[in-house]
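The values are calculated or read from the model by the stated rules, or taken from the named source; none is laboratory data. A quick note: this is a predicted structure, and the numbers were derived from the prediction, not measured. Methodologically, a virtual Cβ is constructed for each residue, glycine included, from the backbone with ideal geometry; neighbour enumeration extends over all protein chains shown. For accessibility, only protein heavy atoms count, side chains too; no ligands or nucleic acids. Shrake-Rupley method; radii C 1.70, N 1.55, O 1.52, S 1.80 Å.
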Amino acid sequence: MFEDIEKKWQSIWENKPREYDLNRELLVIDTPPPFTSGTLHMGHILSYSYIDFIARYKTLRGYQIFYPQGWDAQGFPTEMKIESKYGKNLSREEFRAKCVEWSHEMISKMRDQMRRMGYMIDWNNQYITMLPEYHEKVQKSVIDMWKLGDIYRDNHPVLWCPHCKSAIAKAELEDKEIDSILYDIRFDNIVISTTRPELLHACVAVAVHPDDQRYKDMIGKNVRIPLYNREVPVIADHDVIKDFGTGAVMICTYGDYQDLVWQKRHNLPVIEGIDKEGKLKNSKYDGMSIDEARSRIVADLRSQGYIVSEKSYRKIIRIHDRCKNPVELLYSYEWFASLKKHKDKLIDIAKQIRWTPSFGIYHYIDWLNNLDWDWIISRDRVFGTPIPFYVCEKCNHIEPADKLPFYPEKADEKICGKCGTTMRPETKVLDVWIDSSITPLIISRYYEDREFFNRTFPNYIRIQGVEIVRTWALYTIYRVWRITGSVPWKEILLNGNVLAPDGRKMSKSLGNVISPDELLKEYPVDALRQWAAMSGALAKDRPFSYEDIKYAKAFLIKYWNASKYIISKLQPISNTPKLRKVDRWILHRLSEVIDRVTDAMESYEFRDAITTLQQFYWNEFCDFYLEYTKWRFQKNIDTEGAVYTLKKVQEEFSKMFSVFAPHLAYEVYWMIFGREIDSWPQFSFNDEIAKNDVERFNLEVSKVRTYKISNRMSLKAELDRWELSEQFDDELKEELKNTLNIKELV
RNA sequence: GGGCCCGUAGUCGAGGGGUUAAGACGCCGCUCUUACACAGCGGAGAUCCCAGGUUCGAAUCCUGGCGGGCCCACCA
């Protein structure tokens, strides 16, 4: 039953023509373009459902919504897939073509999943980051920023896997605990501790803690590196752990991430100690592998008496998640975007945006305040947007590409305007966050249609996960602000993550992954959507709850059955039906519920909205009101008021419920009213007296029910006499007698 | 170590300075009552993490613990 209804309405929604009236306000939703993995996970369902709730709510409120969908296609995981499928021997162009082909397949799978969720996405307005038209806009945006002085090239360490001979991202790191040896090595009159003696030749300083009495007098002096007889300064830094080893550390470029921090902080020189093959360079041991060099240098130090002590030591190192080999930090030329110098301004800009929940902005501010250096925007990959510049190898001059989209393998020749040398087209590609950090400009057509842009920018809202505030939100605010001088959107809404029912992260290795496709075998789409609404506060993680989705499904069945009852009682009525007190009570409550749900929707409190709706409908409307109408139809007394009220509640409730459960709500509404839902409730009804009296009365009804149950009577069994615990008017007394089959009230 | 979030019945969770602290799941009874047994009705079950403080009054606000989560950093 559910499946037929779902398919019917999805096809109706999809085939609806989308036309936009640019003379009216157009609310633009900047939705996350998912990475094209081929499958949506529960986090996607949560986020996209939130987006759809907003889109449907605003549409019913009479707004025009512009709700496109994008796809974040480029990236390392796709490259790995293609590499494992076709090997490493494809040309750049062939390789990229395979990636594109594969991504298109994944997109079509994911699009089907989204359609199945009933999302009212405008499928005529999609963007895909891997397409040439998208590349062109990204490249334009980067050149725009270069013209503003925000793009530059500089030497910078990158994470490098010597085994795979590739730069890798932080996200590809894994930790591994290994047995290592902590060596204490004498440098003149100071003894340093290190696990990486092979990097001795790349030592640029020795650091101690500023409060460490042992070394107080050494700070500012020079010490001599054993074997190399080169002098380096002793410096003070708070990050040095006094209690670790000897409390003195050699800073090498680069043994680990901390070295990098120190090198930057103290402006130390850089000595490249290891090459891209994982072999030593600039040393007495050049050409040796790291492990070989380590044992040789230790032997040499030992024989010359420089090693003071050796202790075995468990150490955590970074390894590449694919090949499990240790990762090194290597120095290389990279491209940067100037983020740091705009820090204060970026904080000001972010404060102009309404953040929901409000604490979300702290993730942003905190990250900006802790930035160590600018945003590295270059990657040594193939499946990415090429960096649209030429580089002069001779004088380091940079010039932007003239023809876009720019691809280095097809690039025209260019002569350096400074020194006349032939320039090299850059072969690195851009960080994928560069692609996705201009989505507001893409969907508002900044580079193609300024009129459309002016009408749709800033966008109404961005919805995204809280865990990528420091990347996606920050980079978007930064880039869009630099290019347009404005905030990208008026609001940003943050959702949390979906954990496994056991409260842990969902992961394949833990075997606790719940997939939307599996759930949809057992639960209707509208139940899954309700789950999303029920699943808790914004920007907080919450375990997936089978209780919630079970309840959601039961609620749909309840709604369906109540609708059947209502439909069976429909009959033509006059314009002025006589309303009994119970009618006025439920209409008053309906009016209150509309107010509360409206408020909840305005503040994106979806949980409050859906639970208010569910509790009102089930616990008040079905459990009490519906029962009060039955005797009236049987005895044909005041049926018009009952029909009017049943229809009214069903009408307004269905409108609100359709935001969360559109398929069933539209079907029910259609069955009763013969048309589609097209507005948010306007209904208002006030009768405090009826409300107070009937709520009191409902308690009396419960008492009678309790009495019957505890006396093992059926609820419809006749009761000769019932002693009222309070006074009620004649109309309510009649209600009680008839609803619970009581002969006499005293 | 830094930032943020959170600690409410067996479980999940609303709420949030003032009558009996929602609701769901689970549990225990009773009922196939013509919308619904994927139901109805009823019941049991909470020192609202701990300790101070503010207050006439705190589960709710403040401070400090303890515990959990997320993100970030991390011992050379």
For the structure I just gave you, tell me whether A:TYR313 is in contact with a strand residue (DSSP E or B) (Cβ under 7 Å, 6 or more places away or on another chain), within 16 Å of RNA strand B (Cβ to nearest atom), aromatic (Phe, Trp, Tyr) and open to solvent by 50 Å² or more (accessible area, probe 1.4 Å). yes
Does any residue of the range A:363-374 turn out to be in contact (Cβ under 8 Å) with a residue 40 or more places away in the chain, in a loop (DSSP other than H, G, I, E, B) and more than 22 Å from A:ASP259 (Cβ to Cβ)? no
Out of all the residues in the range A:680-697, which are surrounded by 11 or more Cβ atoms within 10 Å (Cβ to Cβ) and more than 20 Å from A:LYS733 (Cα to Cα)? A:TRP680, A:PRO681, A:PHE683, A:SER684, A:PHE685, A:ASN686
Of all residues in the range A:60-84 being out of contact with any strand residue (DSSP E or B) (no Cβ under 9 Å at 6 or more places or on another chain) and modelled with pLDDT under 90, which is least open to solvent (accessible area, probe 1.4 Å)? A:GLU79
What number of residues within the range A:40-68 are out of contact with any helix residue (DSSP H, G or I) (no Cβ under 7 Å at 6 or more places or on another chain) and more than 26 Å from A:ILE594 (Cα to Cα)? 3
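State which residue is farthest from A:ALA642 (Cα to Cα) when the search covers only the range A:534-593 and only residues that are in a helix (DSSP H, G or I) and among the basic types (Lys, Arg).
Applying the first criterion (in a helix (DSSP H, G or I)) to the range A:534-593 yields A:534, A:546-569, A:581-593.
Narrowing the set further to residues that are among the basic types (Lys, Arg) leaves A:550, A:553, A:558, A:564, A:569, A:581, A:584, A:589.
Values: A:LYS550: 31, A:LYS553: 28, A:LYS558: 19, A:LYS564: 15, A:LYS569: 9, A:LYS581: 11, A:ARG584: 10, A:ARG589: 15 Å.
It comes out as A:LYS550.
Working carefully through the options A:ASP217, A:ASP211, A:ASP179, A:ASP154, find the one that is assigned to a loop (DSSP other than H, G, I, E, B) and either open to solvent by 30 Å² or more (accessible area, probe 1.4 Å) or under 24 Å from A:ARG314 (Cα atoms) (or both).
Only one candidate passes the filter, namely A:ASP211.
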Given the residues A:PHE457, A:PHE453, which is the only one that is closer than 24 Å to A:ILE65 by Cβ, open to solvent by less than 50 Å² (accessible area, probe 1.4 Å), more than 16 Å from RNA strand B (Cβ to nearest atom) and without any contact (Cβ under 8 Å) to a residue 24 or more places away in the chain? A:PHE453
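Kindly indicate which of A:ILE483, A:ILE477 is open to solvent by less than 50 Å² (accessible area, probe 1.4 Å), among the hydrophobic types (A, V, I, L, M, F, W, C), over 24 Å from A:LEU22 (Cβ atoms) and assigned to a helix (DSSP H, G or I). I'd like the intermediate steps shown before the answer.
Details: A:ILE483 fails: over 24 Å from A:LEU22 (Cβ atoms).
Within the list A:ILE483, A:ILE477, the selection yields A:ILE477.
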Give me the pairs, please: first residue somewhere in the range A:529-544 and under 21 Å from A:GLN113 (Cβ atoms), second residue anywhere and open to solvent by less than 50 Å² (accessible area, probe 1.4 Å) and within 6 Å of RNA strand B (Cβ to nearest atom), beta-carbon distance under 8 Å, and either six or more positions apart or on two chains. A:TRP531/A:SER545; A:MET534/A:SER545; A:MET534/A:THR611; A:SER535/A:SER545
I'd like the residue in the range A:220-254 that is open to solvent by 60 Å² or more (accessible area, probe 1.4 Å) and touching an Asp or Glu at 6+ places or on another chain (Cβ under 6 Å) and, out of all such residues, is nearest to RNA strand B (Cβ to nearest atom). A:LYS242
Pairing a residue in the range A:583-605 that is within 15 Å of A:PHE53 (Cβ to Cβ) with any residue that is aromatic (Phe, Trp, Tyr), where Cβ atoms lie under 7 Å and the two sit 6 or more apart in sequence or on different chains, gives A:MET601/A:TYR57
Right, A:ASN738: without any contact (Cβ under 8 Å) to a residue 12 or more places away in the chain and within 55 Å of the chain's Cα centre (by Cα) or not? no
Name the residue that is nearest to A:VAL668 (Cα to Cα), counting only residues in the range A:522-559 that are more than 9 Å from RNA strand B (Cβ to nearest atom) and among the charged types (D, E, K, R). A:ASP526
Search result, residues across the range A:560-579 that are away from RNA strand B (no atom under 16 Å from the Cβ) and out of contact with any Ser or Thr (no Cβ under 9 Å at 6 or more places or on another chain): A:PRO572, A:SER574, A:ASN575, A:THR576, A:LYS578
Would you pick out the residues in the range A:698-723 that are at pLDDT 85 or above and open to solvent by less than 50 Å² (accessible area, probe 1.4 Å)? A:ASN698, A:GLU700, A:VAL701, A:SER702, A:VAL704, A:TRP722
Please find, within the range A:604-647, the residue that is nearest to A:ALA552 (Cα to Cα) out of those that are open to solvent by 40 Å² or more (accessible area, probe 1.4 Å), more than 12 Å from RNA strand B (Cβ to nearest atom) and in a helix (DSSP H, G or I). A:LYS647
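May I ask you to verify whether A:ILE463 is farther than 30 Å from A:GLU605 by Cβ and either more than 16 Å from RNA strand B (Cβ to nearest atom) or of a type in the set (Phe, Trp, Tyr) (or both)? Outline the logic, then answer.
Values: farther than 30 Å from A:GLU605 by Cβ: no; either more than 16 Å from RNA strand B (Cβ to nearest atom) or of a type in the set (Phe, Trp, Tyr) (or both): yes.
When the stated conditions are applied, A:ILE463 does not pass them.
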Can you tell me which residues in the range A:347-360 are surrounded by 13 or more Cβ atoms within 10 Å (Cβ to Cβ), touching a residue at least 24 places away in the same chain (Cβ under 8 Å) and within 16 Å of RNA strand B (Cβ to nearest atom)? A:ALA350, A:TRP355, A:THR356, A:PRO357, A:GLY360
